[in-house]
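Participant: Take this structure, written in structure tokens, and hold onto it; I'll ask about it next.
Every number in this text was worked out from the coordinates using simple rules, so none of it is lab data. As the structure is a prediction and not an experimental result, all values here were calculated from the model. Here the Cβ positions follow ideal geometry from the backbone for every residue, glycine too, while neighbour counts run over all protein chains shown.
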Amino acid sequence: MGQSLVKNYVHIVFSTKYRAPLIHPPYEESLHAYLGGVCKALGCPVLIVGGFTDHVHILCMLSSKIALMTLVQKVKANSSKWMKTQCKSLENFFWQDGYGAFSVNPSQVEVVIRYIKNQHEHHRKKDFKAEYRLILKKYKVAYDEAYVWE
């Protein structure tokens, strides 16, 4: 086969360090756009970025030319540096060390887009820890509670 044909949808989730509620207007929309721009620059077009005050969700196409861990590392490093330039109160902005990344079936892309789009509504009922536990359960990811949260 002469061509490399790849279509991998990936749903990436990570929170601020200690889930500090630092992502507020006017920074939220700009941060989401910035995250999308970093993904695009790395060859991973974004379908949607969303989240809440303490975490983000990114749904993108994973390029065949970059490892997932490299994508996440670059997205987090660049956006963390950028956030620190937005306001003096954000000079201690950090992302958590870890992340979640989950493959998405093409038939479920619209479902994930709606889910990410409705984060503010969703988090009126459920905090990030509860949400993340449900995602891990849905994808049957084994985890140790002692190491998921920092």
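Participant: Please label the shape of the stretch 84-141 as rounded, prolate or oblate, based on the square roots a ≥ b ≥ c of the eigenvalues of the alpha-carbon gyration tensor (a/c under 1.5 means rounded; beyond that, a/b larger than b/c means prolate, else oblate).
Facilitator: Taking the square roots of the gyration eigenvalues as a ≥ b ≥ c, the stretch 84-141 is prolate.
Participant: For LYS7, give me every one of the lysines with a C-alpha distance below 17 angstrom, ignoring sequence neighbours fewer than eight places off in its own chain.
Facilitator: LYS40, LYS65
Participant: Let me ask something else about it. At 222 nm, what helix-only mean residue ellipticity would the chain give, in deg cm²/dmol to the nearest 500, using -39500 (n - 2.57) for each DSSP H run of four or more?
Facilitator: Helix-only estimate at 222 nm: -11500 deg cm²/dmol.
Participant: Taking θ = phi - 60°, what integer Hz values does the Karplus form 6.51 cos²θ - 1.76 cosθ + 1.60 yield along the stretch 119-128, in sequence order, with x for Gly and Pro?
Facilitator: Karplus-based 3J(HN,Hα) across the stretch 119-128 equals 4, 4, 5, 4, 7, 6, 10, 9, 7, 4 Hz.
Participant: Using a Gaussian network model of the chain with C-alpha springs under 10 Å, which one of ARG124, ARG19, ARG114 is most mobile by mean-square fluctuation?
Facilitator: Maximum fluctuation in the GNM of the chain, among the listed residues, is at ARG124.
Participant: May I pose another question? For the stretch 8-148, with only Lys/Arg (+1) and Asp/Glu (-1) charged at the beta-carbon, what is the dipole magnitude about the Cα centre, in debye rounded to 20?
Facilitator: For this selection, approximately 100 debye.
Participant: Quick one: the Cα spread of the chain along its three principal axes, in angstroms, biggest first?
Facilitator: That gives 53, 33, 28 Å along the principal axes, largest extent first.
Participant: A follow-up question, please. Check the straight Cα-Cα distances from LYS137 and name the aspartates and glutamates below 19 Å, setting aside those fewer than 8 residues away within the same chain.
Facilitator: ASP127, GLU145
Participant: Check which residues have an amide H placed less than 5 Å from HIS55's amide H, if you skip close sequence neighbours.
Facilitator: THR16
Participant: Could you work out how far the C-alpha centroid of the stretch 92-148 sits from that of the stretch 11-63, in angstrom?
Facilitator: Cα centroid of the stretch 92-148 versus Cα centroid of the stretch 11-63: 12 Å apart.
Participant: Which of MET61, MET83, MET69 ends up with the largest GNM mean-square fluctuation for the chain, with Cα atoms connected below 10 Å?
Facilitator: MET69
Participant: What lysines sit close enough to LYS140 to cross-link, taking a C-alpha to C-alpha distance under 17 Å and skipping anything fewer than 8 places away on the same chain?
Facilitator: LYS129
Participant: How high is the relative contact order of the chain, given as a whole-number percent (alpha carbon pairs under 8 Å, six or more residues apart)?
Facilitator: With pairs under 8 Å counted, the relative contact order is 32 percent.
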